[in-house]
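Contents: one structure, followed by commentary.
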Amino acid sequence: AQTVTQSQPEMSVQEAETVTLSCTYDTSENNYYLFWYKQPPSRQMILVIRQEAYKQQNATENRFSVNFQKAAKSFSLKISDSQLGDTAMYFCAFWTNRDDKIIFGKGTRLHILP
Amino acid sequence: DSGVTQTPKHLITATGQRVTLRCSPRSGDLSVYWYQQSLDQGLQFLIHYYNGEERAKGNILERFSAQQFPDLHSELNLSSLELGDSALYFCASSVDSEGTGELFFGEGSRLTVL
């Protein structure tokens, strides 16, 4: 079965610090896409960043970047210069063409402290 | 505002009852996904429709059914409700038939079964 594991249920960091959220996944496919979604207290899910598995270069979106280690099946999210508005639940997700479903992990609740 | 509309936002009902959750995707999006979010369970994939046809099914209970209509809105029907069905139900849409692009989520329908 294809799975996504987020090993950190909850994390807290001070504002302006850098934080890394972990995600590992399991698939035998070569063609897949990886995502990080953010769910703030308003509960609406928003895409943070997306990575295509065939691209070696790590995706970056402003303060958000990923460390994609394909061999290790690891896809961590780094948030630099964290802000209070980054407080949210973060979900790692992936899609493969084998199942045609987007599978989400259980999430990491991130608190940015003033 | 993602452009995805879900109704109702909140729903309280009793065990054994039936409810219908409605989703209107973003204009132009042909794919609709349904997810269930329970406490500590992350987002569980239920079903994916593309342009009226079922594309993929997750661990959707037999008591649950869904469809996508010609105008592309979708409905999720939950019947013989049990306490454990209490959850946040999300609809998401995308323009693609495959889950390689961004999903746009609605605000969810909070179902409480008493």
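Listed here are the strands (runs of 3 or more DSSP E) enclosed by the stretch A:22-114 that have at least 3 residues being within 12 Å of chain B (Cβ to nearest Cβ) and among the β-branched types (Val, Ile, Thr): A:46-52.
For the stretch A:27-51, the tally of residues that are touching a strand residue (DSSP E or B) at 6+ places or on another chain (Cβ under 6 Å), of a type in the set (Ser, Thr, Tyr) and open to solvent by 20 Å² or more (accessible area, probe 1.4 Å) stands at 1.
Number of residues in the stretch B:89-108 that are within 11 Å of another protein chain (Cβ to nearest Cβ) and buried (at least 20 other Cβ atoms within 10 Å of the Cβ): the value is 10.
Across the stretch A:66-75, the number of residues qualifying as surrounded by fewer than 18 Cβ atoms within 10 Å (Cβ to Cβ) and within 12 Å of the chain's Cα centre (by Cα) comes to 2.
Within the span defined as the stretch A:90-99, one or more residues are of a type in the set (A, V, I, L, M, F, W, C), more than 19 Å from A:GLU10 (Cα to Cα), modelled with pLDDT under 95 and crowded, with 16+ Cβ neighbours inside 10 Å. The single residue among A:THR24, A:THR18 that is open to solvent by 60 Å² or more (accessible area, probe 1.4 Å), under 12 Å from the mean Cα position of the chain (by Cα) and in contact (Cβ under 8 Å) with a residue 40 or more places away in the chain turns out to be A:THR24. From the list B:ARG55, B:ARG26, the one residue that fits, being basic (Lys, Arg), within 14 Å of chain A (Cβ to nearest Cβ) and touching a residue at least 60 places away in the same chain (Cβ under 8 Å), is B:ARG26. Return yes when B:GLY3 is in contact (Cβ under 8 Å) with a residue 12 or more places away in the chain and in contact with a Leu (Cβ under 8 Å, 6 or more places away or on another chain) and no when it is not. So B:GLY3 fails the test.
The values are calculated or read from the model by the stated rules, or taken from the named source; none is laboratory data. Being a predicted model, the structure only gives us computed values, none of them experimental. Cβ sites come from the backbone with ideal geometry, for glycine too, and all protein chains shown count toward neighbours. Quick note on the areas: whole protein, heavy atoms, side chains included, nothing else; ligands and nucleic acids left out. Shrake-Rupley method; radii C 1.70, N 1.55, O 1.52, S 1.80 Å.
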